[in-house]
1. In segment 120-139, which residue that is open to solvent by 60 Å² or more (accessible area, probe 1.4 Å) and in contact (Cβ under 8 Å) with a residue 40 or more places away in the chain is nearest to E179 (Cα to Cα)?
2. Would you point out the residue of segment 116-140, among those that are part of a loop (DSSP other than H, G, I, E, B) and closer than 23 Å to K202 by Cβ, that is farthest from the chain's Cα centre (by Cα)?
3. Just for segment 177-211: of the residues that are polar (S, T, N, Q) and over 11 Å from the mean Cα position of the chain (by Cα), which one is farthest from D138 (Cα to Cα)?
4. For segment 141-166: of the residues being in a helix (DSSP H, G or I) and of a type in the set (K, R), which is surrounded by the fewest Cβ atoms within 10 Å (Cβ to Cβ)?
5. All but one of (1) modelled with pLDDT of 95 or more; (2) not in a strand (DSSP E or B) hold for A177, so report the exception by its number.
6. Would you call M169 among the hydrophobic types (A, V, I, L, M, F, W, C) and farther than 20 Å from P194 by Cβ?
7. Go through segment 93-119 and report how many residues are of a type outside the set (A, V, I, L, M) and open to solvent by less than 20 Å² (accessible area, probe 1.4 Å).
8. Go through P198, P189, P211 for me and flag whichever is open to solvent by 10 Å² or more (accessible area, probe 1.4 Å), in contact (Cβ under 8 Å) with a residue 60 or more places away in the chain and not in a helix (DSSP H, G or I).
Amino acid sequence: ERAKASAVPMSDEAKKAVEQAKKGEEVHAATLGYNPYETARATAGQARTANVAMTHGSIQDKEGSGSSQQQPMAAPNRVAPPPSLPEASSQTPQVSQVFEDAMTTVITTNDHEAVKSSLGIMRKLIVNATTKGQANGDEAASAKFRRVRLSNKKIKAAIPDMNGALELMFSTGFQLAEEEGETYLVYPPGNSGPEWLPNAVKTMQDYETSP
């Protein structure tokens, strides 16, 4: 999402959807007896650390020895291409129950045409976060693909205002983050998504092209 994209205040309904999504995580974790979002949450701290390092540089040790290690510089004009999402196949694990439940909510409780548009946007965000967002060599460039501002007009209509959409994004690894009064979906670095993601992306794309 580009900085120039239009932003609108989140409606009360959208805010409620965000809060319900947070509570939904807790209820689902209690039902399962474990937290399916725990791994992604742990790595969300890595995203914040990466953002600090990107903005302020490496943090030195507390003794101020100045001996912090420097990362080797990439060779000029030799940035590695971003990873690509594997094709879905019979060997790809089936989607998680969390994703399946969220997908069912999306397609059964919203307008059909709005669902197709929403799935197209979410699918692109998921693919970008797990491919371009994980590219090595330029953290500033890759980080923008892992961050989604929910107050963006187009994003707001596709995710917060769409029943089940936030839960679907959470199931793939996105997490909520608050910064300066804005709410974001953030995908952690070093995470190319769950093994079943190619099947999830295919499921979304198949529905997009349905009559």
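The values are calculated or read from the model by the stated rules, or taken from the named source; none is laboratory data. Treat the numbers as computed from the prediction; the structure is a model and nothing was measured. Here the Cβ is made from the backbone with ideal geometry for all residues, glycine too, and neighbour counts use every protein chain on show. Remember, those area values only see protein heavy atoms, side chains included, never the ligands or the DNA or RNA. Shrake-Rupley method; radii C 1.70, N 1.55, O 1.52, S 1.80 Å.
1. Initially, segment 120-139 is screened for residues open to solvent by 60 Å² or more (accessible area, probe 1.4 Å), giving 124, 132, 136-139.
The next check asks that each one be in contact (Cβ under 8 Å) with a residue 40 or more places away in the chain; those that pass are 132, 136-139.
Details: K132: 23, N136: 25, G137: 26, D138: 23, E139: 19 Å.
So the residue we want is E139.
2. Going through the qualifying residues, I end up with A135.
3. Step one: list which residues in segment 177-211 are polar (S, T, N, Q), which gives 183, 191-192, 199, 203, 205, 209-210.
Those left that are additionally over 11 Å from the mean Cα position of the chain (by Cα): 183, 199, 203, 205, 209-210.
Values: T183: 25, N199: 29, T203: 31, Q205: 29, T209: 34, S210: 38 Å.
Here the residue is S210.
4. Top of the filtered list is K153.
5. For A177, the exception is condition (2).
6. On the way: among the hydrophobic types (A, V, I, L, M, F, W, C): yes; farther than 20 Å from P194 by Cβ: no.
Against the criterion (among the hydrophobic types (A, V, I, L, M, F, W, C) and farther than 20 Å from P194 by Cβ), M169 does not qualify.
7. First pass over segment 93-119, keeping only residues of a type outside the set (A, V, I, L, M): 93-94, 96-97, 99-101, 104-105, 108-113, 116-118.
Those still in the list that are open to solvent by less than 20 Å² (accessible area, probe 1.4 Å) too: 99, 118.
Total satisfying the criteria: 2.
8. Details: P198 fails: not in a helix (DSSP H, G or I); P211 fails: in contact (Cβ under 8 Å) with a residue 60 or more places away in the chain.
Going through P198, P189, P211 in turn, the sole match is P189.
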